């Protein structure tokens, strides 16, 4: 008989309209899956977890993060938008080239444990640090050790032209680590994108991804390069499909936005990064107008915090501000403002769709994997809770994340990560950071 756990008497937000939300209910986990959601569940022999001062909901889903940059947190908060000192220059062209496989491993561990601590149960690791095959092995090792549900998105290094070994490594990694889809890790391919590489190269990379059955995740519409119409060229060639997630999309044309929506693509927005790094205005409304609801992602911890609370508040605040500006300018037929439920769905089920995992996670639906978080409602930053969804989106932060379960396994309980030697991780992080900084010649910001 499968192990059984009942999370009892919580405010339960399933985010599944058919199941509903509850001011008080129980969630039954059997083995790795959600078995039932209902008030007053009783199961003989089940472990009971008291959630009477908690909100119980699906774990957050991050659809695009360069996790290897974990040891470079907040290193680029005040960088110029352009020039030799820009993010692209010093992160991808100065620091990344000196990364050893062990640095990628440590960077990933730091980022992944930070994500778990913040209530993120699924992540797409946009891993453009694959200078060697060993870098790929190291990153996957960290993903496996973390216990997270993750899509490993194999990315080509941006500081040099891909060599002939890259496609060979991708095929080897796909065979070695991803022969089964019934596991916590899935495979994606992260090509640079058509505006950053010649059409024939982009086409070949997308074709390889589809040949090995991997989803595609790609940066498009970034800054001035996004205005060149390169995604439209891919669309006219029939390369845009529903297996692709498009990141940022800030400066795409109306036709390119339409192509993404019409071909069933998904979208990942990183609003704080898009606003602070000069990518362009986050295109939330442009996609909503086409009936496409975005997912959310952290992108780079070099510049922004690692949590979904920040992402949700950034997106809803900006969309409301832009709508109010239209009203103040006397415009008619202004779109409806986003609701807190919308944002919670962007951070959960829409993320699951974008990662190709909506059948496994994103809602507390019986039969899905038990990716569950418990958020404290008795803390001084949030009590008393009057609107649970509003409380999560507008009032909570990472301090409210009490417990995290992935596939029924507890990774965090009572506010503490489980089975993680934080002292060891901390020492590894500083040693690796010091090596990368020293070898690259980069100077840490002065204070």
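The values are calculated or read from the model by the stated rules, or taken from the named source; none is laboratory data. Being a predicted model, the structure only gives us computed values, none of them experimental. Every residue, glycine as well, gets a Cβ built from its backbone with ideal geometry; the counts of neighbours run over all protein chains shown.
Considering (1) touching a residue at least 24 places away in the same chain (Cβ under 8 Å); (2) buried (at least 16 other Cβ atoms within 10 Å of the Cβ); (3) within 27 Å of residue 296 (Cβ to Cβ), the lone condition that residue 228 does not fulfil carries the number (2).
For region 429-441, indicate whether the set of residues that are surrounded by fewer than 16 Cβ atoms within 10 Å (Cβ to Cβ), in contact with a helix residue (DSSP H, G or I) (Cβ under 7 Å, 6 or more places away or on another chain) and not assigned by TED's automatic domain parsing to the domain that holds residue 19 is non-empty. Within region 429-441, one or more residues are surrounded by fewer than 16 Cβ atoms within 10 Å (Cβ to Cβ), in contact with a helix residue (DSSP H, G or I) (Cβ under 7 Å, 6 or more places away or on another chain) and not assigned by TED's automatic domain parsing to the domain that holds residue 19. Considering region 165-196, the residues that are farther than 30 Å from residue 227 by Cα and part of a loop (DSSP other than H, G, I, E, B) include one that is nearest to the chain's Cα centre (by Cα), namely 184. Within region 99-140, the residues that satisfy the criterion of being closer than 19 Å to residue 214 by Cβ and out of contact with any strand residue (DSSP E or B) (no Cβ under 9 Å at 6 or more places or on another chain) are 133, 137. Restricting attention to region 345-359, and to residues there that are more than 9 Å from residue 62 (Cα to Cα) and touching a helix residue (DSSP H, G or I) at 6+ places or on another chain (Cβ under 8 Å), which single residue is surrounded by the most Cβ atoms within 10 Å (Cβ to Cβ)? So, considering only residues that are more than 9 Å from residue 62 (Cα to Cα) and touching a helix residue (DSSP H, G or I) at 6+ places or on another chain (Cβ under 8 Å), the one surrounded by the most Cβ atoms within 10 Å (Cβ to Cβ) is 346. Applying the criterion of at least 1 residues that are within 16 Å of residue 110 (Cβ to Cβ) and modelled with pLDDT of 95 or more to the strands (runs of 3 or more DSSP E) found wholly in region 359-441 leaves 409-413. Of all positions in region 242-249, none carries a residue that is crowded, with 16+ Cβ neighbours inside 10 Å, within 14 Å of residue 194 (Cα to Cα) and more than 18 Å from the chain's Cα centre (by Cα).
Sort through 147, 83, 111 and tell me the only one that's at pLDDT below 95 and either under 24 Å from residue 444 (Cβ atoms) or assigned by TED's automatic domain parsing to the domain that holds residue 305 (or both).
Values: 147 fails: at pLDDT below 95; 111 fails: at pLDDT below 95.
Exactly one of 147, 83, 111 is at pLDDT below 95 and either under 24 Å from residue 444 (Cβ atoms) or assigned by TED's automatic domain parsing to the domain that holds residue 305 (or both), namely 83.
If the condition is being part of a loop (DSSP other than H, G, I, E, B) and either in contact with a helix residue (DSSP H, G or I) (Cβ under 6 Å, 6 or more places away or on another chain) or loosely packed, with under 12 Cβ neighbours inside 10 Å (or both), then region 197-207 contributes only 198.
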